[in-house]
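Reviewing the structure listed below.
Derivation of every value follows stated rules applied to the coordinates shown; laboratory data play no part. Computed from a predicted model, the values in this text were never measured in an experiment. Note: ideal-geometry Cβ built from the backbone for every residue, glycine included; neighbour counts use all protein chains shown.
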Amino acid sequence: PGPTPPPSAPTPIVYVHGGAFVAASSELMLHGTCFLGRAGFTVFSLDYPLSPEHRHPVALVSVLRGLAFIRAAYGVERCLLFGDSAGGNLVSMAAAMLSNRGLLEELARRTGEPLLEFKYPAVERVALLYGFLDSEAPLEGASWVVSLGFRFVLDCYAPRGVDSDMPYTFLALRDGIATF
């Protein structure tokens, strides 16, 4: 037999940090991804505009633009998405948009962003670390302190005014996440 081919590089990971949509940054959360780099993965860590100055869907659009940039600038054709907390919400929403053209078209139409013109890496897998997905489930049986904190985060992140009917702020678990 001939020489053994070199092992292929692992699929790059795109990480989106948590922070309840209102705090943190890639730099602050770097410790959460170091183990991936040590294991040989290429990790792209995305920052996004924070609430309440930037309400939904600004952070989601930023993540989609980041994915398009990674494809264009680095030639990444496939990736794994990894997010914790609010970042878990954003990567799951981005994956839903990229796997359902109709959702992406609606987001592009509502925001006026040229999202349909970009080329994105194919998403192979999505990993969530305590993903912040459903706007109602965390409140079921929660203490008043948790409920108050969660409502504060939703109030900061949810769209206002003209955009108040913007769909898909959260993937509602009871609405059948599998349809995405």
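General remarks:
- Highest mean packing comes first when the peptides 27-39, 95-107 are listed by Cβ atoms within 10 Å, giving 95-107, 27-39.
- Site pair Ala73 and Cys34 shows an inter-label distance of 2.4 nm when each label is modelled 7 Å from Cα along Cα→Cβ.
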